[in-house]
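Here, each number is a calculation from the coordinates, and none is a lab measurement. Just so we're clear, the structure is a prediction, and the values are computed from it rather than from any experiment. Cβ placement follows ideal geometry from the backbone for every residue including glycine, while neighbour counts extend to all protein chains displayed.
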Amino acid sequence: MWTDILYGFTVATTPENLAYCFIGVLLGTLVGVLPGIGPAGAMALLLPVSFKITPVGTFIMLSGIYYGSMYGGSTTSILVSIPGEPASVMTCVDGYQMALKGRAGPALGIAAFGSFIAGTISVVGLMVLATPLAKAALKFGPPEFFCLVLMGLTLVTYLSQKSAEKALMSALLGMLLSWVGLDLINGQSRFTFGNMELNDGIGVIPLVMGLFGISEVLLELEKDERIDVIKTKIANLLPSRDDWRQSTGPIVRGSVLGFLLGIIPGGGGIIANFMAYVMEKRISRHPETFGTGEIAGVAGPEAANNAAAGGAFIPLLSLGIPMNATVALLFAALLIHGVRPGPLLIEERGDIFWGIIASMYIGNVMLLVLNLPLIGLWVKVLKVPYRIVFPMILLFCLIGSYAINLSVLDLELMLGFGVLGYLMRKFDFDTAPLVLAFLLGPMMEVAMRQSLLLSQGSFTVFIARPIAATCLGIAALLLGLNLLPVIRQRRDRLATVEVK
Amino acid sequence: MKAWLKSTGAEFWSSLVLLLLSVAVINEAFNLELGTPRNPGSGFMISGAAAALGLFALRQFIASLFLPAHVKASSGDPIHWGRIVCVILAVLAYILLLEPVGFLLCTFFLLAFLFQVLEPGHWVVRTMGAAFTSAVAYVIFAKALRLSLPRGLIGLF
C-alpha cells in the first residue's frame with residue numbers, strides 16, 4: 001500500500017494536477033460560500049470543460065469541488081445563519097450564536113481545522129477499505145450487481161429528506177429516462193420518436209445542468225431575500241487551548257460517524273452533519289448549552305460532513321456505484337472519459353485511484369490554507385448581488401450543454417429538465433433519486449436481463465446467491481418500511497426538522 | 001370550475017401527470033418487444049418500472065382526493081411567477097435563435113434582459129455589462145477553449 005500511495009503522490013504532484021486540485025478546492029469553497037449553487041451544480045457546469053483535460057485531472061478537480069464545498073458551507077452558516085450547503089445546516093445553530101457573541105473567528109477556525117482533520121481521517125479510511133472491498137466486488141456477477149443497485153436506490157429513497165414514496169417515484173422516473181435511446185442489448189430504438197439524436201439517449205450533462213443548475217436558479221428567483229452578513233470583527237481564527245479541549249472529542253467522533261454515513265447509500269454530508277450534532281448534544285454533560293454558541297456544536301457537525309465526503313468515494317471507486325447525487329456526477333465525469341469506476345479501477349487505472357487519494361491529502365491542506373486567511377475575501381463574495389450571479393450560471397449552463405454535441409436538442413432538454421427540476425421541488429419530489437436512477441438504470445437493466453438469461457428465466461437466481469439475496473432482502477425491508485403507513489408517517493414527522 | 005381548481009392541490013396534479021405518463025409509457029412498452037423472463041425484450045424493464053410508477057401515482061391520486069381543504073391550500077412567501085416565466089421564455093428564445101442569429105448577439109440580448117429581471121434600472125451600465133460579459137465569454141469559450149459556437153448573422157467567427 002505504501003508504494004501505491006507514493007505512486008499516487010507522484011501522479012497528484014505534477015504541476016498540472018496540482019493546478020487542477022487548487023482550482024477544484026477554490027471553486028468548491030466558493031460554491032460552498034455562495035448559497036444558491038451547490039457542488040452538484042458547479043460540477044455539472046464544469047463537466048463540459050473536463051473534455052479538454054485528462055481523466056485524472058478531471059476527477060481531481062471535481063473531487064476538490066465536492067469536499068471543498070463542505071469547507072465553504074460553514075462560512076455562510078456562521079456569518080449569515082444561512083447554510084451555504086445543505087450539509088452545513090446544523091452548523092448554523094451554534095455557529096451563528098458564536099458569531100453574535102463576537103466569537104466568529106474561533107467558530108470559523110475550528111470549522112476549518114475540524115474539517116481538515118476529518119478529511120484526513122476519511123482519506124486514510126478510504127485508502128484502507130477501498131482495496132479489500134474492490135477485491136470482494138470482483139466476485140460479483142449480474143445478479144449481485146442488480147440487487148446491490150436496487151438496494152442502493154431503495155436506501156436512497158428511504159433516507160430522502162422528503163416523502164419516501166415520492167422519492168421512489170422520482171427514482172422510477174429516472175430509470176425510465178435512462179432507457180431512452182437504443183437498447184444496449186438488441187439495438188432497438190426506444191422513445192426516440194424518430195429523432196436520430198436521441199438514439200444515444202438523453203445526455204447526462206443536460207439532465208444534471210437542468211435539474212441542478214437551472215432549477216436552482218428558478219427557485220432562487222422566487223424570493224426577494226437579501227443576505228445580511230453579520231457585522232463583527234473576525235479575529236482569533238486560531239482556536240485557543242480551551243477551544244481545542246472542547247472540540248477534540250467532537251471532531252474525532254464526528255469524523256468516524258461521518259465516514260461511516262458517507263459509505264451508505266443516500267448518506268453523505270447532510271445526514272452526517274445532522275447526526276453528529278444530535279450525538280454531541282446527547283452525550284454532552286451540558287446539553288442545554290447547545291443552541292447558545294457551543295463550540296462542540298460546530299466542530300462535530302463540520303468534521304462529520306467532511307468525513308462523509310471522503311467515505312462516499314468508497315462505493316464509487318470500489319463498486320462503481322455512486323451513493324449520492326453529487327458523487328454520481330463524479331461517476332458521470334469518469335464515464336464521459338471512458339473510464340469505468342468499479343472493482344477493476346484500482347488494477348486497470350491505479351493512476352486515477354491512487355492519484356485521487358493523494359490529491360485529497362493535498363487538497364485538504366490547500367483548503368486549510370485557503371479558508372483561514374481568505375475569510376475576508378469570502379465575506380466579500382457573499383455580498384455579490386444575485387442579479388449578477390444567476391445570469392452567469394444560466395450562461396454557463398447554456399454554453400456547457402451546447403458544447404458537448406453542438407446540438408440545440410441538448411439545450412432544449414436542459415431547459416426542460418430545469419423546469420422539471422423546479423416543479424419537482426415545488427411539489428416536494430427529491431431530485432437526487434432521479435439522477436442516481438438515471439445513471440444506474442442502464443447498468444441495472446443489463447444486469448437484470450443478463451441474470452435472467454443466465455438462469456433461463458428463473459427469478460430464483462436473485463435469492464439463490466447469498467450476496468444478491470442479502471441485498472434484495474434489505475431492499476424489500478426498506479420498501480416495506482417505506483410503504484407501511486404508520487412507520488411512514490412517523491418517519492416523515494421525524495424528517496421535518498426546522499432550524500431556528 | 002374555478003373553485004374546483006382552487007380546491008385541488010399539488011398532490012392531485014403531480015400524481016395525475018405521473019399516472020398519465022406511466023399509462024403512456026406502458027402503452028409504448030407494449031409496442032416494443034416485451035419478451036419473456038427467459039429472454040427479456042426491450043420493453044421488459046420499462047413496462048415493470050412504468051407499472052410501479054403508475055401504481056404509486058394512482059395511490060397518491062386517490063389519496064389526494066380525500067385530503068382536507070386546508071392541507072391543499074398553499075402557504076408561505078409570495079412567489080414571483082412573472083420573473084420565472086420571463087426567464088424561462090428568455091432562455092427558450094435564446095435556444096431557438098442561437099444558431100440562426102449567432103452566439104455573440106444572442107448572449108448579449110439574453111444577458112441584457114437577465115440583468116434587468118431582479119432589479120430593473122441602470123440600463124446603460126447593465127447593457128454595457130452585458131456587452132462586456134458576452135465578449136469575455138466569446139474570448140474564453142470560442143478562442144481559448146476552442147468551442148465551436150454558432151456564427152449566425154454577424155459572422156465574426
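Along the charge dipole of the protein assembly as shown, Cβ charges K/R +1 and D/E -1, which of A:Leu6, A:Cys92, B:Leu58 sits furthest on the positive end? Final value for the positive-end residue is A:Cys92.
When A:Arg245, A:Arg253, A:Arg449 are arranged by Cβ crowding within 10 Å, least crowded first, meaning fewest neighbours, the order is A:Arg245, A:Arg253, A:Arg449.
In terms of surrounding Cβ atoms within a 10 Å radius of their Cβ, A:Val124, A:Val56 rank from fewest to most as A:Val124, A:Val56.
Summary value for region A:70-133: 25 percent relative contact order, contacts being C-alpha pairs under 8 angstrom separated by 6+ residues.
Think of each Lys and Arg Cβ as +1 and each Asp and Glu Cβ as -1; about the Cα centre, that makes the dipole of region A:2-495 roughly 980 debye. The three principal axes of the Cα atoms in region B:81-144 give end-to-end lengths of 37, 27, 16 Å, sorted in falling order. On the basis of the beta-carbon distance and an R0 of 41 Å, A:Trp2 and B:Trp13 show a calculated FRET efficiency of 0.10. Per residue, the convex hull spanned by the Cα atoms of region A:2-495 measures out at 147 cubic angstrom.
Mean per-residue shielding of peptide B:84-93 is 4, counting Cβ atoms of other chains within 10 Å of each Cβ. For the pair region A:154-203 and region B:14-39, the centres of their Cα atoms are 12 angstrom apart.
Using θ = phi - 60° in the Karplus curve 6.51 cos²θ - 1.76 cosθ + 1.60, the 3J(HN,Hα) couplings for region A:50-60 round to 5, 4, 7, 10, 6, x, 5, x, 4, 5, 4 Hz; x is entered for Gly and Pro.
The mean count of C-beta atoms from other chains within 10 Å of the C-beta of residues in A:394-400, rounded to a whole number, is 6.
Segment A:Thr248..A:Phe51, full-extension length gain: 66.7 nm, with 0.36 nm per residue of separation and the alpha-carbon distance subtracted. A Förster radius of 22 Å combined with the Cβ-Cβ distance from A:Leu477 to A:Ala136 puts the calculated FRET efficiency at roughly 0.50.
Among the lysines of region A:2-495, pairs that are 8 or more positions apart or on different chains and have alpha carbons within less than 23 Å of each other number 15.
For B:Gly35, the residues whose amide H sits under 5 Å from its own are B:Gly41, ignoring neighbours fewer than 5 places away on the same chain, with H placed 1.01 Å from N. Can you find, among A:Leu409, A:Val461, A:Pro433, the residue farthest towards the positive end of the dipole of region A:403-481? Put +1 on the C-beta of Lys and Arg, -1 on that of Asp and Glu. With unit charges placed on the Cβ atoms, the residue in question is A:Val461. For region A:198-213, the Karplus equation 6.51 cos²θ - 1.76 cosθ + 1.60, evaluated at θ = phi - 60°, returns couplings of 7, 4, 7, x, 7, x, 6, 5, x, 5, 6, 5, x, 5, 9, x Hz by residue, with Gly and Pro reported as x.
By the count of other C-beta atoms within 10 Å, a proxy for reagent exposure, A:Lys166, A:Lys426, A:Lys101 are ordered fewest to most as A:Lys101, A:Lys426, A:Lys166. When you restrict to C-alpha pairs under 8 Å that are six or more residues apart and normalise by the size of chain A, the relative contact order lands at 29 percent.
Principal axis extents of the Cα atoms in region A:53-166, from largest to smallest and rounded to whole angstrom, are 58, 38, 28.
Which angle from 0 to 90°, rounded to the nearest 10, does the C-alpha axis of helix A:104-137 make with the longest principal axis of chain A? Between helix and principal axis, roughly 30 degrees. Less than 5 angstrom separates the built amide H of A:Arg190 from those of A:Gly181, A:Leu182, A:Asp183, all sequence-distant by 5 or more or on a different chain.
Go ahead and run the numbers for FRET between A:Ala19 and B:Phe66, Cβ-Cβ distance against an R0 of 51 Å, rounding to 0.05.
Using R0 = 51 Å, I get an efficiency of 0.30.
Under the simplified labelling scheme, the A:Val365-B:Asn27 pair shows an inter-label distance of 6.3 nm, with each label point 7 Å from Cα along Cα→Cβ. Remark: mean inter-chain Cβ contacts per residue of B:42-48 equal 6, using a 10 Å Cβ-Cβ cutoff to other protein chain atoms.
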